[in-house]
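See below for the structure under consideration.
The values are calculated or read from the model by the stated rules, or taken from the named source; none is laboratory data. As the structure is a computational prediction, the values presented were derived from the model and not from experiment. Neighbour counts run over all protein chains shown; Cβ positions are idealised from the backbone, glycine included. Accessible surface areas use protein heavy atoms only, side chains included; no ligands, DNA or RNA. Shrake-Rupley method; radii C 1.70, N 1.55, O 1.52, S 1.80 Å.
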Amino acid sequence: MRVSILGAGAAAYGAAAQLSICGHDPMLWSPSGRGTVELAAGAPLRASGAIETSFHPRIAQSAKEAVTSSDVVMLAMPGNAHKMALEATAEHLREGQPVIISSHASFGALYLSRLLAERGIRAPIIAWGTTLTTGRRASPTEAAVNSLRSKIDIATVPESGLDEGHALCTALFGDRFVKRDGLLAIALSNLNPQNHLAIALFNLTRMERGERWGQAENVTPAVGRVMELLDAERLAIAQAFDVSVRTIKEHYAFSYQLPVASIAEMNAELHQRGNGGFGPATLTSRYVLEDAPFGLLPTVLLGRLAGQPATLHEAGLTMLSAAYGRDFVGDNDLLPALGFEQMSSEQLRERARTGF
């Protein structure tokens with residue numbers, strides 16, 4: 001199948017590499033075009049680590065080309081680019097053309113559903129709880145892939161398309177997808193924001209000084225305890241909405257094939273295996289700039305709707321805003337566009353089930 005990936009970062013490169021290995025035809029679109037100049041000139045894209053391959057992806061010169069030249073569209077950009085990318089592509093999507101959001105952030109699936117409803121068309125929207133791979137873009141033509149996840153939670157908008165969406169993702173990327181209880185479950189399944197909050201907050205000076213430091217190595221017992229308490233808040237919100245989500249320990253066990261233990265112990269094992277990766281070496285990291293406004297804030301607002309205050313999430317969001325000297329709440333452009341704070345709990349449940 002022809003799959004256009006909106007993005008040219010680590011997640012996009014990793015997904016393109018896996019698609020190529022699985023016999024599909026990936027295309028990449030960089031909104032500015034700067035990220036794919038060398039690939040457009042004919043250089044191969046090389047992936048190393050958990051995925052080893054070299055191939056020539058097609059390069060789209062515009063959002064329109066990306067959409068009209070593909071069977072499936074996949075969004076693999078930071079959360080702060082989702083609104084722009086969805087608006088750029090929604091006007092070109094065809095009736096029934098599937099869209100995969102990897103990973104889903106801040107109810108972007110509902111925003112896309114609204115954009116399509118305004119055009120009078122319907123297309124299945126598939127939301128992933130996390131990305132296919134972890135790693136980094138080593139250069140404009142190289143992806144260093146730390147891990148290829150064995151399990152990824154998915155849901156669809158509308159919910160009635162779940163079986164079809166699951167079959168499509170399996171055909172594209174292999175047998176690794178787990179059906180979840182709708183979009184609310186996916187919104188509460190992405191553990192990156194809560195995990196990155198603890199990791200970044202307790203290693204902020206390392207990031208600011210540009211140090212090279214092992215991420216899993218520095219999830220000490222103190223940091224691990226905070227991660228587990230953040231997880232308890234998320235699980236309480238999920239229970240209040242009556243949706244089933246994995247615990248942080250189950251996430252680590254499924255994603256990295258680790259024996260269940262404390263989060264500190266599981267990260268120590270990950271580091272011992274050589275798969276612990278490195279933490280951010282700059283303050284301009286998605287761990288904060290993306291995950292604070294587009295991950296922590298939705299959890300805080302969901303907690304308020306559910307009557308389960310996410311006090312640690314909110315405190316972390318406030319602390320990061322203070323450290324960066326900016327209002328991360330105001331950086332979220334998706335939730336205001338949806339009128340999220342004016343929705344009741346039941347209205348949100350219905351939108352999550354059926355879309356617009």
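What's the long-distance tail for the range 47-188, i.e. % of Cα pairs beyond 25 Å?
On the way: 2719 of 10011 pairs.
Taking all Cα-Cα pairs of the range 47-188, the fraction more than 25 Å apart is 27 percent.
Relative contact order, percent, of the range 131-193 when contacts are C-alpha pairs under 8 Å separated by at least 6 residues?
Over the range 131-193, the number comes to 29 percent.
Find, to one decimal place in angstroms, the Kirkwood hydrodynamic radius of the range 273-328, where the mean of 1/r is taken over every pair of different Cα atoms and then inverted. Write down the numbers at each step before the final one.
Working: mean 1/r = 0.0805 Å⁻¹.
Averaging 1/r across every pair of different Cα atoms and inverting gives 12.4 Å.
Order Asp175, Asp163, Asp71 by their accessible area, 1.4 angstrom probe, all chains in place, largest first.
So the residues, ranked largest to smallest area, are Asp175, Asp163, Asp71.
Which order do you get for Lys179, Lys83, Lys249 if you rank them by accessible area with a 1.4 Å probe, largest at the top? Please list the in-between numbers first.
Numbers: Lys179 95, Lys83 45, Lys249 70 Å².
From most exposed to least exposed: Lys179, Lys249, Lys83.
Can you give the percent of C-alpha pairs in the chain whose distance is more than 39 Å?
Details: 5415 of 63190 pairs.
That fraction is 9 percent.
So if R0 is 56 Å, what FRET efficiency would Ser54 and Val260 give, r being the distance between their Cβ atoms, rounded to the nearest 0.05?
Rounded to the nearest 0.05, the efficiency is 0.90.
Over the range 295-353, average the accessible area per residue using a 1.4 Å probe and give it in Å², no decimals.
48
Where in the range 281-319 is the amide nitrogen less than 15 Å from a point lying 7 Å along the Cα-to-Cβ axis of Glu208?
So the set is 281-285, 319.
Determine the calculated [θ] at 222 nm for the chain from helices alone, applying -39500 (n - 2.57) to every DSSP H run no shorter than 4 residues and normalising by the residue count; nearest 500 deg cm²/dmol.
Numbers: 17 runs with 158 residues, N = 356.
Dividing the helical sum by the residues of the chain leaves -12500 deg cm²/dmol.
Express in nm, to one decimal, how much length is gained between Ala43 and Ala315 on full extension, taking 0.36 nm for each residue of separation and deducting their alpha carbon distance.
The span from Ala43 to Ala315 would gain 93.3 nm if fully extended.
Give, in nm to one decimal, the length gained when the segment between Arg353 and His92 is fully stretched (0.36 nm per residue of separation minus the Cα-Cα distance).
Difference between extended and current length: 91.5 nm.
Dimensions of the range 66-114 along principal axes (Cα, Å, largest first)?
Extents along the principal axes, in whole Å: 25, 20, 15.
Any chance you could run the full-extension gain for Ser150 through Thr220? It's 0.36 nm times the residue separation minus the Cα-Cα distance, nm to one decimal.
Gain in length upon complete extension: 22.7 nm.
Would you mind getting the accessible area per residue of the range 190-293, heavy atoms of the protein chains only, 1.4 Å probe, in Å²? Let's see the in-between values first.
Values: 4670 Å² over 104 residues.
Accessible area per residue, the range 190-293: 45 Å².
Heads up, I need the accessible area for Tyr287: 1.4 angstrom probe, whole protein in place, Å², nearest 10.
Probe radius 1.4 Å; accessible area of Tyr287 about 30 Å².
Please give the Cα centre distance for the range 12-74 versus the range 114-166, rounded to the nearest Å.
Computed from Cα coordinates, the inter-centre distance equals 15 Å.
Cut-off 15 Å, label point 7 angstrom out along Cα-to-Cβ of Asp25: give me the residues of the range 41-62 whose amide nitrogen falls inside.
Taking a point 7 Å out along Cα→Cβ of Asp25, the residues of the range 41-62 whose backbone N falls under 15 Å are 56-60.
From the phi angles alone, apply the Karplus equation (6.51, -1.76, 1.60; θ = phi - 60°) to the range 180-186 and give each ³J(HN,Hα) in whole Hz, x where the residue is Gly or Pro.
10, 7, x, 5, 4, 5, 5
Which of the lysines could a cross-linker span from Lys249 if the Cα-Cα distance has to be under 28 Å and same-chain partners fewer than 8 positions apart are dropped?
Within reach: Lys151, Lys179.
When the expected Rg is taken as 2.2 N^0.38 Å, what fraction or multiple of it is the alpha-carbon Rg of the range 190-273?
1.13
Explain nothing, just the number: relative contact order of the chain, from Cα pairs under 8 Å at least 6 residues apart, as a whole percent.
16
For Thr284, what accessible surface area do you get with a 1.4 Å probe? Give it in Å², rounded to 10.
Accessible area of Thr284: about 100 Å².
How large is Rg/Rh for the range 115-161, to two decimals, with Cα atoms and a Kirkwood Rh?
That ratio equals 1.18.
What do you reckon, how do Ile121, Ile126 stack up by accessible area (1.4 Å probe), largest on top?
Solvent-accessible surface, decreasing: Ile121, Ile126.
Compute the distance in nm between two label points, each set 7 Å from the Cα along the Cα-to-Cβ direction, one at Asp175 and one at Glu250.
Taking the simple label geometry, Asp175 and Glu250 are separated by 2.1 nm.
How big is Rg to Rh over the range 1-105, alpha-carbon atoms, Rh as the Kirkwood inverse-mean-distance radius? Walk me through the numbers before you get to the answer.
Details: Rg = 12.7 Å, Rh = 13.6 Å.
Rounded to two decimals, Rg over Rh is 0.93.
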